[in-house]
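Visitor: Got a structure for you, questions after.
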Amino acid sequence: MGRVAGKVALVTGAARGIGRAQVLRFAEEGADVIALDICRQVETTVTPPSTSDDLAEVALLAEKEGVRVVTGVVDVRDGGALTEIVADAVADLGGLDIVCATAGITSKGAAVELSEEAWETMLDVNLTGVWRTCKATIPHLIDRGGGAMVLTSSLAGLRGLRTVAHYTAAKHGVVGLMRSLAHEVAPYGIRVNTVHPTNVDTPMIQNPAVRAAFRPDLDGPTREDFAEAARTMNMLPIPWVEPRDIANATLFLASEEARYITAVALPVDAGATQL
Ligand SMILES: NC(=O)c1ccc[n+]([C@@H]2O[C@H](COP(=O)([O-])OP(=O)(O)OC[C@H]3O[C@@H](n4cnc5c(N)ncnc54)[C@H](O)[C@@H]3O)[C@@H](O)[C@H]2O)c1
């Protein structure tokens, strides 16, 4: 208990999935939280959207841990709005110590068949959105005299995957951003790392489109059909990890326990990167 007590943590993509688990894990360990999400469908994606009710529910659950929570509906593609909402929330909570750039999307298609819109939207959210989040938050970490940033990349940030070249390019880009940023902000006592999940049991993968991509041999594959195929991606005999597994790794990287860990790309991947 209390591994980040008295800190303020900001999470994008907070309404559900990994971002939601990060908000709750930080709250359990005593941090006040700024929880941001777009709460609507992003163009070119087929994943059902998160809602403002989802975000409100996360805030309610986190507040039950006795911490303060500020929520905001914002698109990481809108740098101006992001900067403003971050500044207001940081003023409300009295500072900022931890930043989790977690918001992300997925869509699918062979590299040569992707539309310009699908490519640009992917890069804009999954790479430039992470940069915008860093840009909007770093001045507040500097004001605080230090901090920790955890950028959510993917298994696809460390190796190539078929039919998601745009996602893979963006997630590799996040590693490059992390490595350069780590140099730039180290003099201010700010650490920057990435986490690289294998499949995680969230709405991003638990939907008919992704199930069908994993099981093109079946009509309307079930969760178990999907699990069977997903298991072959991992070294450990599991189909996917839980959002809390990623939140636990994030919490470690954000905490004092990791005070000299920076510029590291940490897989949380059940061994998938090595297969
Ligand atoms: N689920 C997986 O298997 C998996 C694996 C590796 C990496 N990841 C990465 O983890 C992160 C979280 O994914 P998840 O599985 O929790 O997905 P999810 O779809 O369950 O949640 C993503 C959240 O991000 C929000 N979001 C999307 N675009 C946004 C934007 N433009 N501005 C603000 N918020 C936005 C969504 O509204 C949603 O609430 C993503 O970056 C994803 O690429 C996921």
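The values are calculated or read from the model by the stated rules, or taken from the named source; none is laboratory data. Only a predicted model underlies this, so the values are computations on that prediction, with no experimental measurement involved. Neighbour counts run over all protein chains shown; Cβ positions are idealised from the backbone, glycine included.
Visitor: Just to be sure, is Arg159 charged (D, E, K, R), at pLDDT 95 or above and farther than 26 Å from Arg211 by Cα?
Guide: On the way: charged (D, E, K, R): yes; at pLDDT 95 or above: yes; farther than 26 Å from Arg211 by Cα: no.
Judged against the criteria, Arg159 is not a match.
Visitor: If you go through segment 134-151, how many residues are in contact (Cβ under 8 Å) with a residue 40 or more places away in the chain and part of a helix (DSSP H, G or I)? Even if it seems obvious, please write down each step before you answer.
Guide: Residues of segment 134-151 that are in contact (Cβ under 8 Å) with a residue 40 or more places away in the chain, as a first pass: 134-138, 140-151.
Filter again for part of a helix (DSSP H, G or I), leaving 134-138, 140-144.
Counting residues in segment 134-151 that are in contact (Cβ under 8 Å) with a residue 40 or more places away in the chain and part of a helix (DSSP H, G or I) gives 10.
Visitor: While we're on this one: Pairs needed: first member in segment 1-17, without any contact (Cβ under 8 Å) to a residue 40 or more places away in the chain; second member anywhere, assigned to a helix (DSSP H, G or I); C-beta distance under 9 Å; at least 6 residues apart or different chains.
Guide: Met1/Glu28
Visitor: Moving on to the next point. Pull up segment 190-223, narrow it to residues that are of a type in the set (A, V, I, L, M) and not in a loop (DSSP other than H, G, I, E, B), then point me to the one that is nearest to Gly145 (Cα to Cα). Quick ask: steps written out before the conclusion?
Guide: As a first pass, look at segment 190-223 and keep what is of a type in the set (A, V, I, L, M): 190, 192, 195, 200, 204-205, 209-210, 212-213, 218.
Next, from what is left, pick out any that are not in a loop (DSSP other than H, G, I, E, B): 190, 192, 195, 200, 209-210, 212-213.
Details: Ile190: 8, Val192: 15, Val195: 24, Val200: 34, Ala209: 45, Val210: 43, Ala212: 48, Ala213: 46 Å.
Of everything passing the filter in segment 190-223, Ile190 is nearest to Gly145 (Cα to Cα).
One line per residue, one yes/no per condition, for (1) touching a residue at least 24 places away in the same chain (Cβ under 8 Å); (2) assigned to a helix (DSSP H, G or I); (3) touching a strand residue (DSSP E or B) at 6+ places or on another chain (Cβ under 6 Å); (4) under 29 Å from Ala209 (Cα atoms):
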{"residue": "Leu24", "(1), (2), (3), (4)": "yes, yes, no, yes"}
{"residue": "Leu36", "(1), (2), (3), (4)": "yes, no, yes, yes"}
{"residue": "Cys39", "(1), (2), (3), (4)": "yes, no, yes, yes"}
{"residue": "Val46", "(1), (2), (3), (4)": "yes, no, no, yes"}
{"residue": "Pro49", "(1), (2), (3), (4)": "no, no, no, yes"}
{"residue": "Asp54", "(1), (2), (3), (4)": "yes, yes, no, yes"}
{"residue": "Leu60", "(1), (2), (3), (4)": "no, yes, no, no"}
{"residue": "Val70", "(1), (2), (3), (4)": "yes, no, yes, no"}
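Visitor: Which one of these is under 25 Å from Ala136 (Cα atoms) and buried (at least 20 other Cβ atoms within 10 Å of the Cβ): Ala182, Ala254?
Guide: Details: Ala182 fails: buried (at least 20 other Cβ atoms within 10 Å of the Cβ).
From the options Ala182, Ala254, the qualifying one is Ala254.
Visitor: Another question, if that's okay. Return the pair list, or none, for Cβ contacts closer than 6 Å from residues in segment 243-264 that are without any contact (Cβ under 8 Å) to a residue 24 or more places away in the chain and within 11 Å of Arg25 (Cβ to Cβ) to residues that are β-branched (Val, Ile, Thr) and not in a helix (DSSP H, G or I), at least 6 apart or on different chains.
Guide: none
Visitor: What about Gly271, is it away from the ligand (no atom under 16 Å from the Cβ), on the phi > 0 side of the Ramachandran plot and over 18 Å from the mean Cα position of the chain (by Cα)?
Guide: Working: away from the ligand (no atom under 16 Å from the Cβ): no; on the phi > 0 side of the Ramachandran plot: yes; over 18 Å from the mean Cα position of the chain (by Cα): yes.
Here the answer is no, as Gly271 does not meet what is asked.
Visitor: Where residues in segment 73-84 are within 12 Å of the ligand (Cβ to nearest atom) and outside any strand (DSSP E or B), which of them is surrounded by the fewest Cβ atoms within 10 Å (Cβ to Cβ)? Reasoning before the result, please.
Guide: The initial filter retains those residues of segment 73-84 that are within 12 Å of the ligand (Cβ to nearest atom), namely 73-79, 81-82.
Among the residues that remain, those that are also outside any strand (DSSP E or B) are: 74-79, 81-82.
Details: Val74: 20, Asp75: 20, Val76: 27, Arg77: 16, Asp78: 14, Gly79: 16, Ala81: 16, Leu82: 22.
Checking each candidate, the answer is Asp78.
Visitor: Counting just the residues of segment 50-72 that are buried (at least 16 other Cβ atoms within 10 Å of the Cβ) and β-branched (Val, Ile, Thr), which one comes out nearest to the ligand (Cβ to nearest atom)?
Guide: Out of the qualifying residues, it is Val58.
Visitor: Part of a helix (DSSP H, G or I), out of contact with any helix residue (DSSP H, G or I) (no Cβ under 7 Å at 6 or more places or on another chain) and either within 16 Å of the ligand (Cβ to nearest atom) or charged (D, E, K, R) (or both), is that true of Gly129? Give the steps one after another, and end with the answer.
Guide: On the way: part of a helix (DSSP H, G or I): yes; out of contact with any helix residue (DSSP H, G or I) (no Cβ under 7 Å at 6 or more places or on another chain): yes; either within 16 Å of the ligand (Cβ to nearest atom) or charged (D, E, K, R) (or both): yes.
Yes.
Visitor: Tell me, which residue of segment 152-161 that is in a loop (DSSP other than H, G, I, E, B) and free of Cβ contacts under 8 Å to residues at least 24 places away in the same chain is surrounded by the fewest Cβ atoms within 10 Å (Cβ to Cβ)? Write out each step before concluding.
Guide: As a first pass, look at segment 152-161 and keep what is in a loop (DSSP other than H, G, I, E, B): 153-154, 158-161.
Those left that are additionally free of Cβ contacts under 8 Å to residues at least 24 places away in the same chain: 160-161.
Details: Gly160: 10, Leu161: 13.
It comes out as Gly160.
Visitor: Do we find that Ala136 is farther than 27 Å from Ala9 by Cβ and modelled with pLDDT of 95 or more in this structure? So that I can check it myself, show each step before the final result.
Guide: On the way: farther than 27 Å from Ala9 by Cβ: no; modelled with pLDDT of 95 or more: yes.
Taking the combined requirement at face value, the residue does not satisfy it.
Visitor: May I ask you to say which residue of Leu10, Leu96 is over 21 Å from Asp245 (Cα atoms) and surrounded by 24 or more Cβ atoms within 10 Å (Cβ to Cβ)? Can you show your working first?
Guide: Working: Leu10 fails: over 21 Å from Asp245 (Cα atoms).
Going through Leu10, Leu96 in turn, just one is over 21 Å from Asp245 (Cα atoms) and surrounded by 24 or more Cβ atoms within 10 Å (Cβ to Cβ): Leu96.
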